[in-house]
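Structure provided below as structure tokens; questions to follow.
The values are calculated or read from the model by the stated rules, or taken from the named source; none is laboratory data. Everything quoted here is computed from the prediction, not taken from an experiment. Cβ coordinates were reconstructed from backbone atoms using ideal geometry, including for glycine residues, and neighbour counts include every protein chain displayed. Areas reflect the complete protein model, heavy atoms only, side chains present, ligands, DNA and RNA absent. Shrake-Rupley method; radii C 1.70, N 1.55, O 1.52, S 1.80 Å.
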Amino acid sequence: MNILLLEDDISIQTIAEMALRAVGKHHVNVASNGKEGLTLLQSLYTKQELPDVILMDIAMPLLNGVEA
């Protein structure tokens with residue numbers, strides 16, 4: 001499964017990434033804010049590698065989860 005994780009807290013990013021990989025052979029792309037996440041999503045779309053799931057924090061800097 002291809003997962004896009006948008007989370008600004010490094011500790012939560014690490015824990016979430018480890019947990020997702022522990023429950024299966026998931027590929028996890030990580031972005032630290034909504035703006036970075038949208039750029040990454042556009043890149044994945046161009047390569048035809050859209051994520052199966054997007055896990056997004058609501059309160060992030062630059063562009064929050066609601067705005068994204």
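P(r) tail for the chain, what percent of Cα pairs lie past 13 Å? Don't jump to the answer; show the numbers that get you there.
Details: 1363 of 2278 pairs.
In whole percent, the share of Cα-Cα pairs in the chain beyond 13 Å is 60.
Another one. How much length is gained on full extension from E67 to R21, taking 0.36 nm per residue of separation minus their Cα-Cα distance?
Numbers: separation 46, 0.36 × 46 = 16.56 nm, distance 2.79 nm.
Net length gain for the segment: 13.8 nm.
Show me the ranking of peptides 17-23, 31-37 by mean Cβ neighbours inside 10 Å, starting with the highest.
Working: 17-23: 12.3, 31-37: 20.1.
Per-residue mean Cβ counts within 10 Å order the peptides as 31-37, 17-23.
Hey, can you grab everything whose amide H is under 5 Å from the amide H of A31? Only 5+ residues off in sequence or another chain; H modelled, so Pro and N-termini drop out.
L5, L6, E7
State the percentage of accessible surface on the chain attributable to carbon and sulfur atoms; use a 1.4 Å probe and exclude ligands, DNA and RNA. Provide the component values of the computation, followed by the final result.
Details: 2620 of 4440 Å².
Using a 1.4 Å probe with all protein chains present, the chain comes out at 59 percent carbon and sulfur.
D9 to I58: extension gain in nm, 0.36 nm per residue of separation minus the Cα-Cα distance?
Values: separation 49, 0.36 × 49 = 17.64 nm, distance 1.18 nm.
Here the segment from D9 to I58 would lengthen by 16.5 nm.
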